[in-house]
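Written out below as structure tokens is the structure these notes cover.
Bear in mind these aren't lab numbers, they're just calculated from the coordinates by the rules spelled out. Fair warning: this is a prediction, and the values are worked out from it, not measured in the lab. Cβ sites come from the backbone with ideal geometry, for glycine too, and all protein chains shown count toward neighbours.
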Amino acid sequence: MTTPRVLHGRILTATGWVRGNIEFDQRVRRIRATHDDADGGDGPLILPGFIDLHVHGGAGVDLMQGGDVARTVARTHARHGTTALLGTTMTAHEDDIVQALHGLADAIAIRTPDMARVLGVHLEGPYISLERLGAQPPLAIEATMAQVRRLHAVAPIRVLTLAPEVGQHLALIPQLVALGIRVQLGHSAGSYEDGVAALQAGASGFTHLFNGMTGLDHYRPGIAAAALAHAEYAELIPDLQHVHPGAIRTALRAIPRLYCVTDATAATGMPDGEYALGSQRVHKCLGCVRLGTGSLAGSALTMDQALRNLVSLGLDLADASDRLSRYPADYLDLHDRGRLQAEAWADLVVLDPQLQVQRVFVEGDEIALA
């Protein structure tokens, strides 16, 4: 039997902060409060590992390449505290999406000790609006259940982005939900009414809130307005480039379980230069990723930087942590991830007082940071 590891510090448990010890193997076995200051103080900060539900790439590779690149991406993000993620596709022809899903299926089936857990797929396109492509190529199509089932059979789709105003998408939402897929609204030119109707049909989230969707005009409110008025969950990119801090604060007040994603591309963890994003080329410069037209095209964000950005906006650390761990886990109905409590998976990130990553554990395996 494996001897449990023991870490001491300030631990963010499912019920609040505890100064003490956390014992774990693959799962958390015990959290014990202690007043032992023999280590010279409160020790490091121990948080639940981050869960990123929107990841396209990292370390110079893009998930649409297929093959074993998903493992490279999962290793890269694990070094920044991400312990679980969804591999995210781009709008493309079906054969190209299938190629990406085959690569993801292998990484989903078997996690090696040096990588984050790949929980499944976020299918971001091709079921989007040609009017709100963002950085997606102009290959959008109307969804059919036959095609979704074919793709779902290759690798499990956990989240699917669609534009609710396109074709018969509204009628498909209950069928998608019945497959166990979370439907998100995004890359949409729809109205507020389209958004509300989609939520009533069973949609449950919004893809990179504010980006790639109609906004908050007070005469003609759009999809973002439907999110602010009605959503329980929505994802947002907190790189402070995609969304103004004032809009982030607005969303925080309006959406109870707003959670954060990176929308990370191949440029994540890499120097300035040119990288792939699906079939397109993007350019990283000064931390920002753009198409040749100058439009934002995903990000180079990591989840540890997302945490620091949220804290810089005034969120307390526990609230910021919830938006990177607990809420995305809850969104996927995962009750043994995203929180530190007995019998949860031992997914931990250890931070110093400046919120820099010191150690990461995925299901009890320590990740080499160098």
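Note on region 42-195: Rg/Rh from C-alpha atoms, Kirkwood Rh, equals 1.01. Between Arg150 and Val6, the simple label model (points 7 Å from Cα in the Cβ direction) yields a spacing of 5.7 nm. Looking at region 253-343, the pairs of alpha carbons with a distance over 16 Å make up 62% of the total. Of all the options Ala234, Ala107, Ala197, the one that moves most in a Gaussian network model of the chain with Cα springs shorter than 10 angstrom is Ala197.
What separates the Cα centres of region 152-218 and region 233-298 is a distance of 20 Å. Across region 236-273, the residues whose backbone nitrogen lies under 13 Å from the label position 7 Å along the beta-carbon direction of Cys285 are 272-273.
Assuming R0 = 35 Å, can you tell me the calculated FRET efficiency for the pair Glu343 and Ala178, based on Cβ-Cβ distance, to the nearest 0.05? Plugging the Cβ-Cβ distance into 1/(1 + (r/R0)^6) gives 0.75.
Taking Cβ atoms as reference points and 12 Å as the exclusive limit, the residues near Leu236 contribute a net charge of 0, counting Lys and Arg as +1 and Asp and Glu as -1. Length gained on full extension, Asp25 to Asp316: 101.8 nm, using 0.36 nm per residue less the C-alpha separation.
On the basis of the beta-carbon distance and an R0 of 30 Å, Thr250 and Thr34 show a calculated FRET efficiency of 0.15. Karplus-based coupling profile of region 262-269, in residue order and whole Hz: 9, 6, 5, 10, 4, 6, 5, x, with θ = phi - 60° in 6.51 cos²θ - 1.76 cosθ + 1.60 and x standing for Gly or Pro. Note on region 211-254: Kirkwood radius taken over Cα pairs, Stokes-Einstein applied at 37 °C and 0.692 mPa s, translational D equal to 301 µm² s⁻¹. The slack between Arg308 and Ala109, meaning 0.36 nm per residue of separation minus the straight C-alpha distance, is 68.4 nm. Taking semi-axes √(5λ) of the Cα gyration tensor in Å as calculated from this structure, the corresponding entry among (i) 33, 22, 20; (ii) 47, 26, 15; (iii) 38, 22, 19 is (i).
Quick one: in region 116-269, what % of C-alpha pairs are over 27 Å apart? Here the long-distance tail beyond 27 Å is 17 percent of all Cα pairs in region 116-269.
For the chain, the membrane-span-like helix rule (DSSP H, alpha carbon extent of at least 20 Å along the helix axis, mean Kyte-Doolittle at least -0.5) picks out 94-109; this says nothing about an actual membrane. For the peptides 333-340, 146-153, the ranking by mean Cβ contacts within 10 Å, running from highest to lowest, is 333-340, 146-153.
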